[in-house]
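Remarks on the structure that follows.
The values are calculated or read from the model by the stated rules, or taken from the named source; none is laboratory data. What you see is a predicted model; the values in this text were computed from it and never measured. Neighbour counts are summed over all protein chains in view; Cβ atoms, including those assigned to glycine, are modelled from backbone coordinates with ideal geometry. Quick note on the areas: whole protein, heavy atoms, side chains included, nothing else; ligands and nucleic acids left out. Shrake-Rupley method; radii C 1.70, N 1.55, O 1.52, S 1.80 Å.
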Amino acid sequence: MSAKQPVLQIGPHLLPNNLFVAPMAGVTDRPFRQLCKRMGAGYAVSEMVTSRKDLWSSLKTSRRANHEGEAGPIAVQIAGTDAAMMAEATRYNIERGAQIIDINMGCPAKKVCNKWAGSALMQDEALALEIIEAVVEAAAAHGVPVSLKMRTGWCASEKNALRLSLAAEGAGVAMVTVHGRTREQGYKGEAEYATVAAVKAALRIPVVANGDIDSPQKARDVLALTGADAVMIGRAAQGRPWIFAETAHFLATGEQLPAPTVTQARDWLVEHLHDHYSLYGELTGMRTARKHIGWAVADLPGGEAFRQEMNLLESSAAQVKALQAWFDTLGASYQRLPYLAKLPEARTIAPHEYKQ
Ligand SMILES: Cc1cc2nc3c(=O)[nH]c(=O)nc-3n(C[C@H](O)[C@H](O)[C@H](O)COP(=O)(O)O)c2cc1C
């Protein structure tokens, strides 16, 4: 990559580039984050960790808090509705290796203590600010910066991202990410970037643009349109983590990288699968790997038929063998991944509520 790459800093952490992987519960676990970082992402945030202490010892939360071997900085996202609990969650995650704490006000999270967490907090600015202040104070004691992920607002008539992000900056937040949709929109419609641009124009801290960025060209356009310091890519990285290298190359040179070779993609995916099984174990690993395999083959010729067959396999060894054989057959006809033009449904599905 050329020297054109902008340098971005969150607190004391210098990032290698301004291309971020979005936190996605059930997707951006440690193996997937590591894969994205290897494929050119400059920064990745963990799946959200609940502020409910009674769930911290659960297998799910302990897997989410596992950062073994992950390239730094380690950023952990927390979700909750109570300032004291969020401060405690901050300390807990810092003790377990978090170097940056991200507050989730951007995604429809489950209820915590009978209140909706995540983007619902944007409706109650006083509570949102109370939480931000408590988390910043708890993190500052350890020299750890805090970032905030939000939507443009609660609904079309209540777009308060600008007010809330200014208050967050005033409270000591080090970076803000804005997904260009309101909470009410879910994932419907298209992301708008005017609100992101307004937030960027008003803040001194780094601002990250997020929503519907699915190609290097779109990343360039969103950066230009918003003036944002970085872009965050979520769904488009599913099954296509090399989008980060493709985007970095395009931003640096204006040229489009050719798709990876079939052999490269096969080897990266197999390596990802082994890493995935080692985190989740055989049974859970084999089941949860299916979605990653499905995404990886989704817009390749014959991918849908393979996905259906592969879903019937019941062991990790059989999955790896089938994947290798499928890519080897593809490789007999094509040197590079022959993407079909249309993006598959699988890539655009967005659940309205994610489990904590
Ligand atoms: C499956 C899935 C899980 C998600 N989980 C989270 C999450 O845990 N925390 C969060 O802040 N956002 C979450 N999001 C929202 C993404 O971080 C991102 O803001 C959104 O997908 C828009 O970006 P995109 O168009 O590039 O996908 C999730 C999105 C998806 C599709």
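A few remarks follow.
- Computed log10 I(q)/I(0) for segment 40-194 at 0.17 Å⁻¹: -0.94, from the Debye equation with unit scatterers placed on every C-alpha and solvent omitted.
- Over the chain: Kirkwood hydrodynamic radius from C-alpha pairwise inverse distances, Å: 20.6
- Cα coordinate range in segment 5-115, projected on the principal axes (Å, largest first): 44, 26, 25
- Stretch gain in nm, segment residue 255-residue 155, where the contour uses 0.36 nm per residue and the Cα spacing is subtracted: 32.2 nm
- Taking every C-alpha pair closer than 8 Å and separated by at least 6 residues, the mean separation divided by the residue count of segment 173-290 gives a relative contact order of 18 percent.
- Considering only 196, 233, 139, and ranking their Cα positions along the charge dipole of the chain that arises from unit charges at the beta-carbon of Lys, Arg, Asp and Glu, the one farthest toward the positive end is 233.
- For residue 291, solvent-accessible area (1.4 Å; no DNA, RNA or ligand), Å²: 70
- Computed E for residue 202/residue 141 - FRET, C-beta separation, R0 30 angstrom, nearest 0.05: 0.60
- Mean-position separation - Cα centroids, segment 243-294 and segment 39-85, in angstrom: 21
- Rounded if a/c under 1.5, otherwise prolate or oblate - segment 167-211, Cα gyration tensor axes: prolate
- Using R0 = 51 Å, the C-beta based FRET efficiency linking residue 84 and residue 264 works out to 0.55.
- Residue-span extension gain [residue 187 to residue 123] - 0.36 nm each, minus C-alpha spacing: 21.2 nm
- Two-site FRET efficiency, residue 271 against residue 322, from Cβ-Cβ distance with R₀ of 25 Å, rounded to 0.05: 0.95
- Chain lengthening between residue 314 and residue 329 when straightened (0.36 nm per residue, less Cα-Cα): 3.2 nm
- Net charge of Cβ neighbours under 15 Å - reference residue 203; Lys, Arg +1; Asp, Glu -1: +2
- Residue-count net charge about residue 146 - beta-carbon cut-off 12 Å; Lys, Arg +1, Asp, Glu -1: -3
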